[in-house]
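Every number here is computed from the coordinates shown, using simple stated rules; none is lab data. Remember, it's a predicted structure, so these values are computed and weren't measured experimentally. Don't worry about glycine lacking a Cβ; one is built from the backbone with ideal geometry, like all the others, and counts go over all protein chains shown.
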Amino acid sequence: MMIVAGIGEEQMAFMLRSFADIYNSRSYNAIIRMHPMSSQMFALTFPYDMDWEIFIELVDSLVYSDHSEYKAQTRVWLTLPKECGQGAGEHAMMYEKEAGDEIDPLWITTQYNRGWKIDYETTQLVEAEVLEEYVKPPFAYYEIMQKEFVEIN
C-alpha cells in the first residue's frame with residue numbers, strides 16, 4: 001500500500017491518470033485504486049501485481065511530480081519482490097529523503113531495520129545506511145479496503 005498526503009483529490013486523480021495513460025497505452029500495466037482517507041490523504045492499493053520497474057516509476061512520479069504546486073508526501077509499505085535480490089520477501093517501508101550530495105533517491109528500510117537505496121539505472125537495491133527506522137503503516141489494510149475507492153486504469 002502507498003500513502004500519499006498533502007495533495008487534494010482532484011490533483012491526486014490527475015497525477016494517477018497521467019501515469020496510467022502512459023503505462024496502459026498498450027496493455028493494462030498499472031491499475032491503481034485510490035482510497036480517500038481524508039481530504040488531503042490517500043491510500044493507493046493495487047488489485048493486480050505491477051512490474052517492479054513500473055512500480056518504482058509510479059513512486060518516483062508521485063514524489064517528484066511537476067504537475068503539482070505542492071510536493072506530496074509519499075510512503076510505501078510493501079513486501080520486496082524477487083527483483084530486489086537479497087532483500088526479497090522482507091516487509092519494508094519506502095520513502096524519499098535527501099542524503100548529502102545524492103539526487104534524492106528512494107530509500108527502503110526493512111522491518112528488521114536493514115537499509116537500502118534504489119539504483120535508478122538498474123532498479124536494484126544497493127545496501128545503504130538506515131535513514132529512517134521502519135514504522136508500521138498509519139492504517140491497517142482492512143481499514144483501507146473498507147473505504148470507497150476510485151479505480152484508475
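Below are the figures for this structure:
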{"quantity": "Value at 222 nm in deg cm²/dmol, rounded to 500, when DSSP H runs of n ≥ 4 in the chain each add -39,500 (n - 2.57)", "calculated": "-6500 deg cm²/dmol"}
{"quantity": "Lys pairs, the chain - Cα-Cα below 27 angstrom, 8 or more residues apart or on other chains", "calculated": "11"}
{"quantity": "Listed residues GLY115, SER39, ASN24: farthest to the positive end of the dipole of the chain (Cβ charges)", "calculated": "SER39"}
{"quantity": "Amide H contacts under 5 Å for MET37, placed H, 5+ residues apart", "calculated": "PHE42, ALA43"}
{"quantity": "For the range 16-33, 3J(HN,Hα) per residue [Karplus equation, 6.51 cos²θ - 1.76 cosθ + 1.60, θ = phi - 60°, Hz, x = Gly/Pro]", "calculated": "5, 5, 4, 5, 4, 4, 6, 7, 10, 5, 10, 8, 6, 9, 9, 10, 10, 10"}
{"quantity": "Table column - 3J(HN,Hα) (Hz), the range 51-63, Karplus curve with 6.51, -1.76, 1.60, x for Gly and Pro", "calculated": "4, 3, 4, 5, 4, 4, 4, 4, 4, 4, 5, 6, 5"}
{"quantity": "Of PHE14, PHE139, THR79, farthest towards positive along the dipole that unit charges on Lys, Arg, Asp, Glu beta carbons give the chain", "calculated": "PHE139"}
{"quantity": "Dipole magnitude (debye, nearest 20) for the chain, charges at Cβ of Lys, Arg, Asp, Glu", "calculated": "560 debye"}
{"quantity": "Isotropic mean projected area of the C-alpha convex hull, the chain (nm²)", "calculated": "9.0 nm²"}
